[in-house]
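The structure under discussion appears below in the form of structure tokens.
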Amino acid sequence: FSLSLLATLGYNRFMFRSPLSHKKGINLVEVLIAASIFVAFVAVLITVHIIYLNVAFSGVKKVKATFLAEEGIEAIKLIRDKSWTENIASIPVNTNYYLSYNSSTNFWATTTTNTYIEGLYERNFVLGNVYRDSNSDIASSGTLDANARKVTVTVSWRDKNATTTKTINTYITNLFGN
């Protein structure tokens, strides 16, 4: 077909232009919208991943603190087993003490000097008096039990802009009468 024949039939030359030539501006807008949606999606994914990592690392710190508190209880029990009179009864009640591991003696020691574990965790313990009622049950008042102590181990660490703590309480007794 020639253009003159088509013109006589009522068609003009603009009717046969490529459909893409009219949509150049529209295609650019579509690309920009698609790119914007993709960038927004990637930004949301990155934000969700960062939040996930913060929560995961926070959980790791809590688990470590719990293990350190349990280790503190076990260390105090080892100290008790070595000598109640020298190591437990001699410590003033309601006073902050810290644990340090002496690698030359391979044993735990108590100290009033604060030590940080991994440069982050602070672990201290406090011994408290134990009172017994007339049934020999632990009570808030009654007869002082010289062969028992309440042990409170606290592990503290900085998490973001706040101090977080994990505390474990237990009772120990002069198990071996030493």
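In this structure Phe67 has an accessible area near 130 Å², from a 1.4 Å probe over the protein heavy atoms.
Solvent-accessible surface of the chain, taken per residue with a 1.4 Å probe and all protein chains present: 69 Å². Only protein atoms count toward the accessible area here, which uses a 1.4 Å probe; on the chain, the carbon and sulfur part of that area reaches 60 percent. A convex hull fitted to the Cα coordinates of region 55-126 yields 95 cubic angstrom per residue. For region 52-178, a crude dipole built from +1 on the beta carbon of Lys and Arg and -1 on the beta carbon of Asp and Glu, taken about the Cα centre, is about 320 debye to the nearest 20. Note: relative contact order over the chain, using C-alpha pairs below 8 Å and six or more positions apart, is 17 percent.
Please list Glu71, Glu86 in order of solvent-accessible area, largest first, computed with a 1.4 Å probe with all protein chains present.
Glu86, Glu71
I want the local charge near Thr152. Using Cβ-Cβ distances under 12 Å, sum +1 for each Lys or Arg and -1 for each Asp or Glu among the other residues. Combined, the nearby Lys, Arg, Asp and Glu give +4. Taking the full set of protein chains and a 1.4 angstrom probe, give the accessible area of Tyr116 in square angstrom, rounded to the nearest 10. Here the accessible area works out near 140 Å². When Leu32, Leu68 are compared by accessible surface with a 1.4 Å probe, the order from highest to lowest is Leu32, Leu68. Placing dummy labels 7 Å off each Cα toward the beta-carbon, the span from Tyr116 to Tyr101 is 1.9 nm. Built from the Cα atoms of region 53-178, the convex hull projects on average onto 9.3 nm², one quarter of its surface area.
For region 37-178, compute the number of Lys pairs whose alpha carbons are separated by less than 14 Å, excluding pairs fewer than 8 positions apart on the same chain.
On the way: Lys61/Lys160; Lys61/Lys166; Lys62/Lys160; Lys62/Lys166; Lys64/Lys166; Lys77/Lys150.
The number of close lysine pairs in region 37-178 is 6.
In the chain, the longest principal axis of the Cα atoms and the axis of helix 24-82 are about 10 degrees apart. Residue order by solvent-accessible surface for Glu118, Glu70 is Glu118, Glu70, largest first, with ligands and nucleic acids left out and a 1.4 Å probe.
The accessible area of Ile46, taken with all protein chains in place and a 1.4 Å probe, comes to roughly 100 Å². Of the residues Gly119, Ile91, Val39, the one whose Cα sits farthest toward the positive end of the charge dipole of the chain, with +1 on the Cβ of Lys and Arg and -1 on the Cβ of Asp and Glu, is Val39.
The values are calculated or read from the model by the stated rules, or taken from the named source; none is laboratory data. Given the structure is predicted, the values throughout are model-derived calculations rather than measurements. Cβ atoms come from the backbone with ideal geometry, glycine included; neighbour counts cover every protein chain shown. When the accessible area is computed, the model is the full protein with side chains, heavy atoms only, and any ligands, DNA or RNA have been set aside. Shrake-Rupley method; radii C 1.70, N 1.55, O 1.52, S 1.80 Å.
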